[in-house]
Structure formats: structure tokens, C-alpha cells
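The values are calculated or read from the model by the stated rules, or taken from the named source; none is laboratory data. Source: prediction; values computed, not measured. Cβ placement follows ideal geometry from the backbone for every residue including glycine, while neighbour counts extend to all protein chains displayed. Just so you know, the surface numbers come from the protein's heavy atoms only, side chains and all, with ligands and any DNA or RNA stripped out. Shrake-Rupley method; radii C 1.70, N 1.55, O 1.52, S 1.80 Å.
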Amino acid sequence: MADWLADRSQAWLCLERGREQNWEVIVREGEIALELDAGNGRVLKLEHLRIDRVDRLVDDGVVVIDYKTSSRARTYKAWMGERPEEPQLPLYVLARSRAGDGVRAAAFANLSSHDEMSLKGPPDMQLFPRPAGKKPRSDRNWSGWDEEVVRMTANLQALAAAYLDGKAAV
């Protein structure tokens with residue numbers, strides 16, 4: 001286990017050196033709480049949410065990062081939709097936004113294998129230099145960060161209402 005961890009850590013640090021923007025890690029394994037409006041005066045209180053990492057960017061905004069060690073890399077699509085496959089990252093984004101952090105993006109840090117490590121955020125998030133001649137990613141389902149935060153909020157509130165109504169299908 002120690003060798004695996006040392007190998008992943010070294011590979012991850014090499015990857016991070018290539019990031020395009022200046023950044024500073026400001027939260028590691030940070031705890032935060034969040035209250036979700038579930039409608040009809042009901043509130044779902046989530047305490048002790050554990051955010052893997054938050055980076056402050058040059059523009060004073062932040063990126064919320066969730067580490068993943070599974071064999072399948074996660075992308076921003078895993079947090080999209082009415083029942084997201086990975087709902088914790090939207091929860092962290094909403095909690096940090098409400099705390100006044102100016103969240104500019106979110107990303108999954110995929111640590112599955114030495115050769116396939118990646119930091120995957122939305123299509124308009126440029127963290128690493130683009131190879132010469134390569135165009136930015138695009139996705140017709142992506143309309144921008146601000147719109148995504150509105151959708152995240154609505155989806156989380158709907159999930160909170162369903163949970164409080166006893167409809168918590170997995």
C-alpha cells in the first residue's frame with residue numbers, strides 16, 4: 001500500500017506541475033455543512049461534508065476538487081442530471097459557494113493508474129496547456145459554469161425533497 005501511495009503521489013505532483021494557472025491549495029480534507037431547501041418550508045441539513053481539496057486561483061476564485069481512485073475516470077458529466085452519478089461534488093460546490101468562496105469550477109482528480117491520471121473539469125475549464133493545434137473541448141449540453149451551478153442547485157433541492165418524502169431510490 002505504501003508503494004502504491006508513493007507512486008501515485010509522485011505521478012500526481014508531476015501532473016500538477018503542468019497546470020496552466022497559478023494556484024494554491026487552501027483546503028485539504030475540509031469539513032463544511034450545507035442546508036438544502038426541500039420546499040414547503042422543509043430543509044435538509046447536511047453536516048460534516050468532507051471536501052477533498054479546494055484550490056485558490058489567481059483571480060481569487062476557487063476550484064473544488066474531488067479525488068477518485070476507481071478504475072474508471074470521472075468527468076463533469078458524472079455530476080450532471082437530475083440524479084447525478086457523483087452528487088458529492090455538486091454538494092461541495094454549493095456549500096463553498098454559499099460560504100462566499102467564489103467557486104469558478106469543479107473537477108475530479110482521477111488517480112486510478114499512473115498513466116491515466118487526470119484532472120477533469122467542465123469543457124470551458126482550462127487547467128493544463130493545450131497541445132499545439134488541439135481545439136478546446138466542446139459539449140452541446142454544457143452552457144457554462146453559472147448555468148451549471150443553477151442546475152446543480154435545482155437538482156440537489158429536488159433530491160433533498162425526494163429524500164425527505166421517503167423516496168431515496170439508489
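Couple of notes before you dig in:
- The stretch 49-60, residues that are surrounded by 14 or more Cβ atoms within 10 Å (Cβ to Cβ) and farther than 11 Å from I26 by Cβ: L49, D52
- Of the residues making up the stretch 68-91, those that are open to solvent by 20 Å² or more (accessible area, probe 1.4 Å), under 11 Å from L156 (Cα atoms) and either of a type in the set (K, R) or assigned to a helix (DSSP H, G or I) (or both) are R83, Q88, L91.
- Test: residue in the stretch 18-28 that is part of a helix (DSSP H, G or I) and closer than 21 Å to L119 by Cβ: no
- The test for being among the basic types (K, R) and open to solvent by less than 80 Å² (accessible area, probe 1.4 Å) holds for R8.
- Residue match in the stretch 106-123 (condition: surrounded by 13 or more Cβ atoms within 10 Å (Cβ to Cβ), at pLDDT below 80 and either farther than 24 Å from E29 by Cα or in contact with a Gly (Cβ under 6 Å, 6 or more places away or on another chain) (or both)): yes
- Unique residue being within 26 Å of L164 (Cβ to Cβ), touching a strand residue (DSSP E or B) at 6+ places or on another chain (Cβ under 9 Å) and basic (K, R) when the list is R74, R98: R98
- Being under 24 Å from E148 (Cα atoms), open to solvent by 50 Å² or more (accessible area, probe 1.4 Å), at pLDDT 95 or above and under 18 Å from the mean Cα position of the chain (by Cα) is a description that does not apply to A99.
- Matching residues in the stretch 124-148 - criterion: being open to solvent by less than 30 Å² (accessible area, probe 1.4 Å) and either at pLDDT 90 or above or not in a loop (DSSP other than H, G, I, E, B) (or both): W145, E148
- Residues (on the phi > 0 side of the Ramachandran plot and of a type in the set (D, E)) located in the stretch 37-66: D60
- Listed by first and then second residue, the pairs linking a residue in the stretch 45-58 that is in contact (Cβ under 8 Å) with a residue 40 or more places away in the chain and within 16 Å of Q157 (Cα to Cα) to a residue that is in a strand (DSSP E or B) and of a type in the set (D, E, K, R), with Cβ atoms under 9 Å apart and 6 or more places separating them unless they lie on different chains, are L46/E35.
- Residues that are of a type in the set (A, V, I, L, M, F, W, C) and either over 17 Å from the mean Cα position of the chain (by Cα) or part of a helix (DSSP H, G or I) (or both) within the stretch 29-42 comprise L36, A38, listed in sequence order.
- Selection count where residues are farther than 17 Å from R96 by Cα and open to solvent by less than 50 Å² (accessible area, probe 1.4 Å), scope the stretch 16-43: 5
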